[in-house]
Every structure is written in structure tokens, then in C-alpha cells.
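Participant: Take a look at the following structure, please.
The values are calculated or read from the model by the stated rules, or taken from the named source; none is laboratory data. Just so we're clear, the structure is a prediction, and the values are computed from it rather than from any experiment. Positions of Cβ are backbone-derived with ideal geometry, glycine not excepted, and every protein chain shown enters the neighbour counts.
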Amino acid sequence: MSDNDIIISAEDRIAPTTTADAPVRPRLAKPRRSAAEKREGRGESKPKAKTRRRLPLPHFDFTPLQKLSAAGIAMTTLVIGGAVIWHSGIIQRTTQSAIAQVMQATAQAGFRIDEITVAGRDRTPMAQLASALGANHGSPILAIDLGQVKDRLEALPSVRAAAVERRLPGTLHIAISERQPIAIWQNNGEHVLIDNTGQVIPGAIAGYETLPLVVGDGAGIRADELLAMLDSEPTLASRVKAAVRVGNRRWNLMLDDAHDGLEVRLPEEATEAAWHRLAELERTQGLTARQVRMVDLRVADRMILKTERASTPPDPTRRKDNGA
């Protein structure tokens, strides 16, 4: 043994320790290797990624004209389909049913017709008003179409204008303005009342016998025009009892009596001037007080008179011719 040798004594040795005496050291977790690292450690190659196969889609190469045609066909299909559904009535029936249910609910809530009042009625029958109204007591008042009721009322022959008012919760008020008769029109053997527009007013003429009588085809529609002209000479106009329309072109007037009075034949044109001329002659000369049966004013620069022919008594000295 040389001097350079290292001698280890027993004290210098570290005695072995038991498990209980040994200090507990924390165990470090080994880092996990990825699947790729494991494969590399085992010498395995990386698996290839799986890919989904897609079915090839057909490709259409449309021209702009073809695309426009296709859009037009699609739009036409939609329109026709909608029209078919609409004309089938499904939408209308569904809507009407829903509205009817709502209106019935409002009636049950108190908004129903409990009273119907009418103002301005004289000659119009109540049955016609009720028919034009189209509703009865107890009907939903909110379901009444006021515009339609107004149109139906004004379509009645005797009604000139009408107004319908809803007075909630349960009163329906109707105000009508009836046609006022201005003359009696004799046509085809019948006598009817007419207003200033020539509209026939249904009903009896009782109580209106003093109105002027206009006779003939076209007389009804021109009656208001005639009466306006006659009123320009009120004194003479009060004596006109009848006016006969001749050929739907001009008038013949009957003064003092509708059948046996003085006949005045007015011209087709300048009618008002001829009427004023007759009135002036009556004021200045008392023309109608003479034995005149007819005055013809159809010629502007002259007047033709026709007088009554007095009856001639038989001559007693004249013998009868007995054919002998």
C-alpha cells in the first residue's frame, strides 16, 4: 500500500438505512408522451388521416336567359298557386268565420242593436228601410257597415239622401231626405209623381193633384227645366194646368183646364222668348180673354190664333133634301 492510497474507515462509511428511517422524497410524475412520440419510440409510422368521400354534384351551366326564364316560371307558379288558393275560398271563409266570432263576442258584451230610430220618413215604407238596413234587433252593432247601409238606402226610389249613425252601445239612427214631387207625369196611361230630376216617386198621387201635369215620352226628365221657365212669368204660370211633350222636342201648354183650356204651342228653340212674348200680349191685350182656342208661337216673327167657331142655328126655311 502506498502513501497515495485512500483508506476509508468504518466510521467513514454511511450505514444503510431502513425504509422507515429513510426520508420520504416526493415522486415526480413522468411527463406523458404523446401518441406520436410513443409511435416514434416503437418505430411505428404516423397513421394517415381519414377523409370523407363526397358525392360529386351535378353542375349546370345556365345562360342568363335560362336563369331569367327559370325565375319567371317560379314566379308564375307562386302566383297561380296563390290564385287557386284564393279562389277556393278557404282564406275568405276562415277570415269571415273569425270576424263573425269576434262580432258575436262584442254582442254578448253589450254592443248589440237594441233600438233603431228613423228621421225624415214620410212616404218611404218601413219595410223597405228594414230591408235596406239588413240587420235586426239583437244583431252586433259593430258589424254594421254604415257605408253599405247608406248606399242601399239611397238606392230606394223615394230616398234622395241618407245618413246612418251608430250610437253606442245599442242605438242605430237613420236620417233620410225623401224626394219631393214637383209634377205628375202621365205616361202610357199611368200617372206617377216625379221629382226635379225626373225620378219616379212610388206611391199614390193623392194629395198632390194640384201639381202640374206633364204628358208624353221624355216629359218627366224635362219637367224641372219647363217649370223653371214658366216661373219666370209667375202670373201666367199659375194658369198652366198641363204640358204635353211633342216628339220629345217641344211643349204644348194647356191653360186654365187640362183638357178644354187654351192651347199654347211653344217652339223647339227660343222657347223662353216665346213664353215672355205670350205673357206680354196677355198683359197688354188680354189675349186669352177672347174667344181664342189655340195660340201658335212656333214662328218667331208671327203668331197664329185659332178662335172658337160659333155654332150656326138651323135655317127653318130651308127644306130638307129627301132625295126626291
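Participant: So which residues in segment 294-324 are at pLDDT below 90 and among the charged types (D, E, K, R), if there are any at all?
Facilitator: Matches in segment 294-324: D301, R302, K306, E308, R309, D315, R318, R319, K320, D321.
Participant: Assuming G218 fulfils every condition listed in (1) modelled with pLDDT of 95 or more; (2) on the phi > 0 side of the Ramachandran plot apart from one, which condition is it?
Facilitator: (1)
Participant: List the number of the failed condition for A175; all other conditions in (1) surrounded by 14 or more Cβ atoms within 10 Å (Cβ to Cβ); (2) out of contact with any Asp or Glu (no Cβ under 8 Å at 6 or more places or on another chain) hold.
Facilitator: Tallying (1) surrounded by 14 or more Cβ atoms within 10 Å (Cβ to Cβ); (2) out of contact with any Asp or Glu (no Cβ under 8 Å at 6 or more places or on another chain), A175 fails exactly one: (2).
Participant: Right, another one. Taking the conditions exactly as written (out of contact with any Asp or Glu (no Cβ under 9 Å at 6 or more places or on another chain), aliphatic (A, V, I, L, M) and on the phi < 0 side of the Ramachandran plot), does L227 satisfy them or not? Steps first, answer last, please.
Facilitator: Numbers: out of contact with any Asp or Glu (no Cβ under 9 Å at 6 or more places or on another chain): yes; aliphatic (A, V, I, L, M): yes; on the phi < 0 side of the Ramachandran plot: yes.
Spelling it out, L227 is indeed out of contact with any Asp or Glu (no Cβ under 9 Å at 6 or more places or on another chain), aliphatic (A, V, I, L, M) and on the phi < 0 side of the Ramachandran plot.
Participant: Checking the condition more than 30 Å from A279 (Cα to Cα), in the same structural domain as A274 (by TED's automatic domain parsing) and more than 24 Å from the chain's Cα centre (by Cα), which residue from A223, A219, A204 passes?
Facilitator: A204
Participant: Give me the residue from segment 122-142 that is outside any loop (DSSP other than H, G, I, E, B) and over 22 Å from the mean Cα position of the chain (by Cα) and, out of that set, surrounded by the most Cβ atoms within 10 Å (Cβ to Cβ). Don't jump to the end; show me each part of the working.
Facilitator: Residues of segment 122-142 that are outside any loop (DSSP other than H, G, I, E, B), as a first pass: 126-133, 140-142.
After this cut, where a residue has to be over 22 Å from the mean Cα position of the chain (by Cα) as well, the list is 126-127.
Values: M126: 10, A127: 8.
Going through the qualifying residues, I end up with M126.
Participant: Among the residues of segment 181-199, are any closer than 28 Å to G247 by Cβ, among the β-branched types (V, I, T) and in contact with a Phe, Trp or Tyr (Cβ under 6 Å, 6 or more places away or on another chain)?
Facilitator: yes
Participant: Quick one: E190 ticks every box in (1) on the phi < 0 side of the Ramachandran plot; (2) touching a strand residue (DSSP E or B) at 6+ places or on another chain (Cβ under 9 Å) except a single one, so which number is it?
Facilitator: (2)
Participant: State all residues of segment 269-288 that are touching a helix residue (DSSP H, G or I) at 6+ places or on another chain (Cβ under 9 Å) and of a type outside the set (K, R); if no residue qualifies, say none.
Facilitator: T271, E272, W275, L278, A279, L281, E282, L287, T288
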